[in-house]
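Notes for the one structure printed next.
The values are calculated or read from the model by the stated rules, or taken from the named source; none is laboratory data. These numbers were taken from a predicted model, which means no experiment stands behind them. Here the Cβ positions follow ideal geometry from the backbone for every residue, glycine too, while neighbour counts run over all protein chains shown. With ligands, DNA and RNA removed, areas are computed over all heavy atoms of the protein, side chains included. Shrake-Rupley method; radii C 1.70, N 1.55, O 1.52, S 1.80 Å.
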Amino acid sequence: MKPLVEYLRTRMGASRFGIVAVFLSLASFVGDGGLSLGAWVGRALAAWALMLPLRLCDDLASLPSDRQHHPDRVLVRTTDLSIFWGAVLVVPLVAGLGFWLLRGAEHLWMWAGLVLVFELAYRLEGASLDERNWSHLWVLAKYPVLVLLLQSRPIVMVSSDFLAAGALVYVTFGVFELLDAGILGRSRLGPLALWSECT
């Protein structure tokens, strides 16, 4: 359990994924009615939880590369990865049940499709994922889909406002990826840049 807690603190911490969760939850209110504090906090927590299995899939797929380039990462130092694979299975199932009960079958199927597409893509890409310059283009596609999943309205009722917001979400993370890949990724200013961009 200790490696999982360390992973959550270091790879899913508030300085990066907390910011992302807040941003995605705010974007989910575009064209979806009024914003309330309770709904915003709930959606931010849900966004963070939905990102967890996708982030884990990404990190597990890039383990061979991380062993060479990032030997300090938690997954590289952990000998038994069963708790991480368990999280990759359990979190999507719990989220899927939540979607089915709270939102309906459309949200459940969209979530299942997102998870399956990403799992299949990571298996096909394998360790070479980090080495391909264009790989982040499809990886970032998950963020607009997560915003759509966070909305309470039926998925078929997507507004033009939402489509614009989804495009803005995608571009925001695309720009941040470019910044983060350089010197910003090794600087303490990374979270500040992400906050600024999301704002």
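Tally up the residues in the range 61-91 that are charged (D, E, K, R), at pLDDT 90 or above and either in a helix (DSSP H, G or I) or more than 25 Å from VAL115 (Cβ to Cβ) (or both), please.
Initially, the range 61-91 is screened for residues charged (D, E, K, R), giving 66-67, 72-73, 77, 80.
Now restrict to residues that are at pLDDT 90 or above: 77, 80.
Narrowing the set further to residues that are either in a helix (DSSP H, G or I) or more than 25 Å from VAL115 (Cβ to Cβ) (or both) leaves 77.
Matching residues across the range 61-91 total 1.
In the range 111-140, how many are modelled with pLDDT of 85 or more and surrounded by fewer than 17 Cβ atoms within 10 Å (Cβ to Cβ)?
Number of matching residues: 4.
Name the single residue that is farthest from LEU124 (Cα to Cα) among those in the range 62-101 being surrounded by 13 or more Cβ atoms within 10 Å (Cβ to Cβ) and of a type in the set (S, T, N, Q).
The extreme case among them is THR78.
Confirm whether GLY38 is outside any helix (DSSP H, G or I), open to solvent by 40 Å² or more (accessible area, probe 1.4 Å), among the small types (Gly, Ala, Ser) and more than 17 Å from VAL91 (Cβ to Cβ).
It is false that GLY38 is outside any helix (DSSP H, G or I), open to solvent by 40 Å² or more (accessible area, probe 1.4 Å), among the small types (Gly, Ala, Ser) and more than 17 Å from VAL91 (Cβ to Cβ).
Please enumerate the residues belonging to the range 9-35 that are of a type in the set (Ser, Thr, Tyr), part of a helix (DSSP H, G or I) and open to solvent by less than 20 Å² (accessible area, probe 1.4 Å).
Selection gives SER25 alone.
Would it be correct to say that ALA47 is touching a Ser or Thr at 6+ places or on another chain (Cβ under 7 Å), open to solvent by less than 10 Å² (accessible area, probe 1.4 Å) and in a helix (DSSP H, G or I)? Write out each step before concluding.
Details: touching a Ser or Thr at 6+ places or on another chain (Cβ under 7 Å): yes; open to solvent by less than 10 Å² (accessible area, probe 1.4 Å): yes; in a helix (DSSP H, G or I): yes.
Answer is yes for this residue.
Kindly check whether there is at least one residue in the range 13-35 that is touching a Cys at 6+ places or on another chain (Cβ under 7 Å) and β-branched (Val, Ile, Thr).
Yes, the conditions are met somewhere in the range 13-35.
Of the numbered conditions (1) modelled with pLDDT under 80; (2) more than 16 Å from the chain's Cα centre (by Cα), LEU108 satisfies every one except a single condition; which is it?
LEU108 satisfies all of (1) modelled with pLDDT under 80; (2) more than 16 Å from the chain's Cα centre (by Cα) except (1).
Quick one: CYS57 ticks every box in (1) within 25 Å of ARG153 (Cβ to Cβ); (2) open to solvent by less than 20 Å² (accessible area, probe 1.4 Å) bar one, so which box is it?
The single condition CYS57 does not satisfy is (1).
Output the qualifying pairs, or none if there are none: Cβ atoms under 8 angstrom, residues six or more apart or on different chains, first residue in the range 9-20 and in contact (Cβ under 8 Å) with a residue 60 or more places away in the chain, second residue open to solvent by 20 Å² or more (accessible area, probe 1.4 Å) and not in a helix (DSSP H, G or I).
Between residues of the range 9-20 that are in contact (Cβ under 8 Å) with a residue 60 or more places away in the chain and residues that are open to solvent by 20 Å² or more (accessible area, probe 1.4 Å) and not in a helix (DSSP H, G or I), the close pairs are THR10/ARG73; ARG11/ARG73.
Which of (1) surrounded by 19 or more Cβ atoms within 10 Å (Cβ to Cβ); (2) over 19 Å from VAL147 (Cβ atoms) is the odd one out, the single condition GLU6 does not satisfy?
In the conditions (1) surrounded by 19 or more Cβ atoms within 10 Å (Cβ to Cβ); (2) over 19 Å from VAL147 (Cβ atoms), GLU6 misses (1) alone.
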